[in-house]
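A.B. asks: So that we are looking at the same thing, I have put the structure below in C-alpha cells.
The values are calculated or read from the model by the stated rules, or taken from the named source; none is laboratory data. The shown structure was predicted, so the numbers you read here are calculated from the model rather than taken from an experiment. We place every Cβ from the backbone using ideal geometry, glycine too, and count neighbours over all the protein chains shown. For the accessible areas, the whole protein counts, side chains as well, though only heavy atoms, and no ligand, DNA or RNA atoms are used. Shrake-Rupley method; radii C 1.70, N 1.55, O 1.52, S 1.80 Å.
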2 protein chains.
Amino acid sequence: MYDAVIIGTGPAGLSTAINLKLYQKSFVWFGAKNYSDKVEKSEKIANYPGLGLISGADLNARFDAHMKEMELEITDKKVTNVMPMDDRLMVLADNEVYETKTLLLATGVMTAKSYEGEEELLGRGVSYCATCDGFLYKGKTIAVFCGAERYEREVDYLADLAEKVYLSAGYRDCRVDRPNVEKIGPIKGIKGGMKVEEIELHQGETIPVDGVFILRNAVAPGTLVPGLATEGPHITVDRMQKTNIPGVFAAGDCTGRPYQITKAVGEGNVAAHAMIEYLAETK
Amino acid sequence: MYDAVIIGTGPAGLSTAINLKLYQKSFVWFGAKNYSDKVEKSEKIANYPGLGLISGADLNARFDAHMKEMELEITDKKVTNVMPMDDRLMVLADNEVYETKTLLLATGVMTAKSYEGEEELLGRGVSYCATCDGFLYKGKTIAVFCGAERYEREVDYLADLAEKVYLSAGYRDCRVDRPNVEKIGPIKGIKGGMKVEEIELHQGETIPVDGVFILRNAVAPGTLVPGLATEGPHITVDRMQKTNIPGVFAAGDCTGRPYQITKAVGEGNVAAHAMIEYLAETK
C-alpha cells in the first residue's frame with residue numbers, strides 16, 4: 001500500500017510530489033509525462049514570483065529540471081476510477097489497482113462540458129479508458145472523442161479491435177489515419193436507454209454505435225470519485241485542501257479560480273503537508 | 001485614495017504586489033526593503049517548484065530582480081494602526097495616514113509571544129513606533145526591545161530623545177553603542193496601572209520606566225486591525241483570503257501553517273485576484 005497517489009502532472013501535482021519526496025513518503029504520480037499543456041501553451045507568465053517574465057515552455061522546462069533533480073517519476077497511466085474503502089482508497093489506472101492511504105486530485109479543470117448523456121451512460125457503453133474496455137468492442141462499431149495528441153495511440157488500439165471507428169478530434173491535425181477510422185465533426189450528445197445506441201452530431205445527424213470512448217485530459221471529478229463534494233466544475237476543499245472524503249485532497253485549477261500557476265503550487269504545497277499530517281494521525 | 005495597501009515584503013506581499021501592478025492598480029507597499037529575513041536566512045529551499053535546490057539568499061535575490069523588472073517600489077515605513085471606516089480603510093504608517101479601498105496583511109507570523117501587559121498598556125506607555133511616539137519621552141527613562149538590526153536607527157533616535165534607555169535586543173551583535181543606552185537581558189513583562197510603571201526581567205528584577213518601545217517585525221494582527229478575527233497567532237481567512245472585515249485580506253504565514261514560501265506566494269496570488277474583484281464590485 002502506498003502513502004499517496006497523485007493524479008495530475010501540472011504545477012499543483014508537481015508541488016505535492018516534491019514535498020512528499022522530501023518527506024520520504026511512498027507514492028505513485030499519474031499523469032502526462034510532458035506535464036501541463038496549459039502551462040506549455042502559455043505565451044508569457046509574469047506573476048510567478050522569482051522568475052520574472054517567462055514563457056510557459058521555459059517554465060515547464062524548469063519544472064522538468066526540478067523533477068529530475070529530485071528523481072521524481074511520472075507514471076503515464078490514466079486513472080478512471082477511485083473507490084474509497086474503510087481505511088484506504090482503491091485507485092484504478094489502466095485496469096490496474098493501486099491501494100493508497102491518501103490521494104491528491106490535481107486534475108485541472110475541464111474546459112469542455114460533458115456530452116449530453118455522458119454521465120447517464122457511463123459504464124453502459126460510455127468509457128474513458130481504451131485499454132480498460134476496448135476488448136468489449138471487438139468487431140463492433142464505436143465512436144471516439146480524442147481530446148489530445150497523447151491519446152492517439154489509444155485510438156489506434158481501438159481501431160485494431162473495432163470494425164468501424166467514428167473519430168471526433170478535439171484539436172487540429174489529428175494524425176490517426178486508418179482505413180476503418182472515419183473522421184467526424186464535434187459530437188453533441190450520446191443517446192441510448194440501457195446501453196448506448198447512437199451519437200448525435202451538431203448538424204442533427206445521428207450515427208448508430210455500440211460504444212463511445214471519451215479520451216480527454218480531465219474527467220469530471222465527481223465521476224472519478226463517487227460521493228466527492230463539488231460546486232459546478234470545482235472540487236470543494238477547505239483551507240487545508242481537504243475534500244469531504246477522508247484521505248482525499250485536491251489542489252490547483254480543479255479547486256476553483258483563480259486559474260493561476262502560482263496558486264496551484266501553493267495549494268500543492270499545503271495539500272502535501274496536510275497529507276503528511278493525515279498519514280501521521282491515522283498511523 | 002489608493003486601490004490597495006500591502007503590509008509586508010515577504011513572498012506573499014510580493015506575489016500580491018506583482019499581480020496588482022499587472023492589473024494597473026494604485027497601491028502602497030509597506031515593509032522592509034531587504035524583504036523577508038526568514039527567506040534570507042533559510043539555508044536551502046528544495047520545494048519552490050521550478051527552482052530546484054536554492055539558498056534563501058539566492059531566492060531573495062530572484063525576488064528582488066522580479067521586483068525591479070516590474071518596477072515595484074517598497075515604502076519602508078512601519079504601519080502601527082488600521083482603522084476600518086465606512087467604505088475605506090485608514091492606515092497609519094510612521095504617523096502618516098493612507099486611505100485605501102483594500103488592504104493586504106502579509107505580516108508574517110509572530111515568533112515571539114507578546115509580553116505580559118503589552119496589550120493592556122498599549123497606548124498607555126507601550127508603543128510600537130519610535131518616530132510616532134518618541135517625542136513623548138524627551139528627557140525620560142524608557143525600555144526598548146529591538147527585534148532586528150533594521151530597527152537600530154529607531155533605537156538611536158530614541159536615545160537622542162530619552163535621558164536613559166534600557167535596551168533588550170532580540171538578536172546577537174546589536175551594534176547600538178551610546179553612553180545613555182544600557183543593555184539588559186530579555187524582558188518578561190510590563191507593569192503599570194493607568195500608565196507603564198516598570199519592566200520586569202526574567203531574573204525577577206524590575207526597572208522603573210516611563211515608557212516601553214517594542215520594535216519587532218510583526219505586531220499581533222488583532223492589535224493592528226481592531227475587530228479582526230484571529231485564531232491564536234493567525235488571521236482567520238476564507239479560501240479567497242478574505243478576513244472578516246470588508247476590504248481586508250491576508251496571505252502568507254500570518255494566515256496559518258504550513259509556514260512555506262510556496263504557500264505564501266500562492267495565497268498572495270489568490271488575495272490579489274480577490275482584491276481586484278472586490279474593487280470591481282464596490283466601484
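A.B. asks: Going through the stretch A:1-76, which GluC sites (Glu not before Pro) have at most 14 other Cβ atoms within 10 Å and a DSSP loop state? Could the numbers behind the result be given before it?
C.D. replies: Details: sites: A:Glu40, A:Glu43, A:Glu69, A:Glu71, A:Glu73; in loops: A:Glu43, A:Glu71, A:Glu73.
Within the stretch A:1-76, the qualifying GluC sites (Glu not before Pro) (loop, at most 14 other Cβ atoms within 10 Å) are A:Glu43, A:Glu71, A:Glu73.
A.B. asks: If I fit a long axis through the Cα atoms of helix A:152-161 and take the longest principal axis of the Cα atoms of chain A, what angle between them do I get, 0 to 90°, rounded to 10?
C.D. replies: Around 40 degrees separate the two axes.
A.B. asks: To the nearest 100 Å², how much accessible surface do chains B and A hide from each other in total, with a 1.4 Å probe?
C.D. replies: Values: alone 13900 and 13920 Å², together 25140 Å².
What B and A bury together is about 2700 Å².
A.B. asks: So for chain A, averaging the separation of alpha carbon pairs under 8 Å that are six or more residues apart and normalising by length, what relative contact order in percent results? Display every interim value, and only then the final one.
C.D. replies: Values: 595 pairs, mean separation 61.1, N = 283.
Relative contact order comes out at 22 percent.
A.B. asks: Another question, if that's okay. Using label points projected 7 Å from each Cα along Cα→Cβ, tell me how many nm separate A:Thr282 and B:Glu205, to one decimal.
C.D. replies: So the two model labels end up 5.5 nm from each other.
A.B. asks: While we're here: Over the stretch B:126-215, with every protein chain in place, what whole percent of the accessible area is carbon and sulfur at 1.4 Å, could you tell me?
C.D. replies: On the way: 2080 of 4440 Å².
Solvent-exposed carbon and sulfur of the stretch B:126-215 make up 47 percent of the total.
A.B. asks: Please state the shape class of the stretch B:1-125: rounded when a/c is under 1.5, otherwise prolate if a/b exceeds b/c and oblate if not, all from the C-alpha gyration tensor.
C.D. replies: Working: a/c = 2.56, a/b = 1.30, b/c = 1.97.
Since a/c reaches 1.5 but b/c is at least a/b, the shape of the stretch B:1-125 is classed as oblate.
A.B. asks: Residues of the stretch B:36-57 losing 50 Å² or more of accessible surface, assembly versus chain alone, probe 1.4 Å, please list them.
C.D. replies: When all protein chains are present, B:Ala46, B:Asn47, B:Pro49, B:Gly50 each give up 50 Å² or more of accessible surface.
A.B. asks: At what distance in angstrom do the alpha carbon centres of the stretch A:158-188 and the stretch B:17-84 lie from each other?
C.D. replies: Cα centres, the stretch A:158-188 to the stretch B:17-84: 51 Å.
A.B. asks: Indicate, rounded to the nearest 5 percent, the antiparallel portion of the DSSP beta bridges found entirely in chain B. Walk me through the numbers on the way to the answer.
C.D. replies: On the way: 22 of 53 bridges.
Roughly 40 percent of the DSSP beta bridges within chain B come out antiparallel.
A.B. asks: Which chain B residue sits with its beta carbon nearest the axis carrying B onto A, and how many Å away is it, rounded to a whole number?
C.D. replies: Smallest Cβ distance to the axis, with its residue: B:Gly266, 1.
A.B. asks: Moving on to the next point. Just the Kirkwood number for the protein assembly as shown, please: inverse of mean 1/r across all distinct Cα pairs, in Å, one decimal. Kindly include the intermediate steps, with their values, before the conclusion.
C.D. replies: Details: mean 1/r = 0.0380 Å⁻¹.
Here the Kirkwood hydrodynamic radius works out to 26.3 Å.
A.B. asks: Still on this structure: For the protein assembly as shown, report the accessible area per residue in Å² (1.4 Å probe, heavy atoms, rounded to an integer). Don't skip to the end; give the middle numbers.
C.D. replies: Values: 25140 Å² over 566 residues.
Ligands and nucleic acids excluded, the result is 44 Å² per residue.
A.B. asks: Then there is this: Residue separation times 0.36 nm, minus the C-alpha to C-alpha distance between B:Met194 and B:Leu53: what's the value? Could the numbers behind the result be given before it?
C.D. replies: Working: separation 141, 0.36 × 141 = 50.76 nm, distance 5.34 nm.
Length gained between B:Met194 and B:Leu53: 45.4 nm.
A.B. asks: Another one. Averaging sequence separations of C-alpha pairs under 8 Å and six or more residues apart, then dividing by the length of the stretch A:126-215, give the relative contact order as a whole percent. Please list the in-between numbers first.
C.D. replies: Working: 184 pairs, mean separation 31.7, N = 90.
In percent, rounded to a whole number, it is 35.
A.B. asks: Which residue, A:Gly192, A:Gly108, A:Gly50, tops the fluctuation ranking in a GNM of chain A built on C-alpha contacts under 10 Å?
C.D. replies: Maximum among the listed residues: A:Gly50.
A.B. asks: Quickly estimate the mean residue ellipticity at 222 nm for chain B, helices only: each DSSP H run with n ≥ 4 gives -39500 (n - 2.57), and the total goes over all residues, rounded to 500. It would help to have the intermediate numbers written out before the result.
C.D. replies: Details: 7 runs with 69 residues, N = 283.
Taken over chain B, the calculation gives -7000 deg cm²/dmol.
A.B. asks: Right, next: May I ask you to order B:150-161, A:245-256 by the average number of other C-beta atoms within 10 Å around their residues, highest value first?
C.D. replies: Working: B:150-161: 18.4, A:245-256: 25.1.
Final packing ranking: A:245-256, B:150-161.
A.B. asks: For the pair B:Arg257 and A:Arg175, what calculated FRET efficiency results from E = 1/(1 + (r/R0)^6), where r is the Cβ-Cβ distance and R0 = 35 Å, to the nearest 0.05?
C.D. replies: Numbers: r = 49 Å, r/R0 = 1.39.
Efficiency at R0 = 35 Å is approximately 0.10.
A.B. asks: Considering only DSSP beta bridges where both residues belong to the stretch B:126-215, give the percentage that are antiparallel (nearest 5). Don't jump to the answer; show the numbers that get you there.
C.D. replies: Values: 8 of 24 bridges.
Counting only bridges with both partners in the stretch B:126-215, antiparallel ones make up about 35 percent.
A.B. asks: Next question, about the same structure. Just counting partner chain Cβ atoms within 10 Å, what average do the residues of peptide B:264-277 show around their Cβ? Walk me through the numbers before you get to the answer.
C.D. replies: Numbers: counts 3, 9, 16, 6, 5, 11, 8, 0, 4, 5, 2, 0, 1, 2.
So the per-residue partner count for this stretch is 5.
A.B. asks: Right, another one. Rounding to the nearest 10 and keeping the result within 0 to 90°, find how far the Cα-based axis of helix A:11-22 lies from the longest principal axis of chain A.
C.D. replies: With both axes taken from Cα atoms, the answer is about 50 degrees.
A.B. asks: What FRET efficiency would be calculated for the residue pair A:Glu182, A:Glu231, taking the C-beta separation as r and a Förster radius of 30 Å, to the nearest 0.05? Could the numbers behind the result be given before it?
C.D. replies: Values: r = 39 Å, r/R0 = 1.30.
Efficiency computed from Cβ-Cβ geometry: 0.15.
A.B. asks: Right, next: To check you understand DSSP bridge types, tell me what percent of the beta bridges within the protein assembly as shown (both residues inside) are antiparallel, rounded to 5.
C.D. replies: Working: 44 of 106 bridges.
Among the beta bridges of the protein assembly as shown, antiparallel pairing accounts for roughly 40 percent.
A.B. asks: Next up: Nearest 0.05, what FRET efficiency do A:Ser26 and A:Asp156 give at R0 = 51 Å with Cβ-Cβ as r?
C.D. replies: Working: r = 34 Å, r/R0 = 0.66.
FRET efficiency, A:Ser26 to A:Asp156: 0.90.
A.B. asks: Calculate how steeply helix A:261-281 sits against the longest principal axis of the alpha-carbon atoms of chain A, using the helix alpha-carbon long axis, and give the answer as 0 to 90 degrees to the nearest 10.
C.D. replies: So the helix axis and the longest Cα principal axis differ by about 70 degrees.
A.B. asks: Would you kindly calculate the translational diffusion coefficient of the stretch A:135-212, applying Stokes-Einstein with the Kirkwood radius from alpha carbon pairs, for 4 °C and a viscosity of 1.567 mPa s, and quote it in µm² s⁻¹ without decimals? Can you show the working numbers first?
C.D. replies: Details: Rh = 12.6 Å.
Stokes-Einstein gives a translational diffusion coefficient of 103 µm²/s.
A.B. asks: List, shortest first and in nm to one decimal, how far the label point of B:Ala46 (7 Å from Cα along Cα→Cβ) is from its counterparts in the other copies.
C.D. replies: Spelled out, the distances from B:Ala46's label point are 3.6 nm.
A.B. asks: Could I ask something else about it? Mind checking which of A:Gln260, A:Gln24, A:Gln241 has the largest fluctuation in a GNM of chain A, springs on alpha carbons under 10 Å?
C.D. replies: The residue with the greatest mean-square fluctuation here is A:Gln24.
A.B. asks: Lys and Arg at +1, Asp and Glu at -1: add these up for the other residues within a Cβ distance under 9 Å of B:Pro208 and post the number. Kindly include the intermediate steps, with their values, before the conclusion.
C.D. replies: Working: positive: none; negative: B:Glu197, B:Glu198, B:Asp210.
Combined, the nearby Lys, Arg, Asp and Glu give -3.
A.B. asks: Per 5 Å bin, what is the whole-percent P(r) computed from every C-alpha pair distance within chain B?
C.D. replies: Calculated over all Cα pairs of chain B, the distribution is 1, 6, 12, 16, 17, 15, 13, 10, 6, 3, 1, 0 percent.
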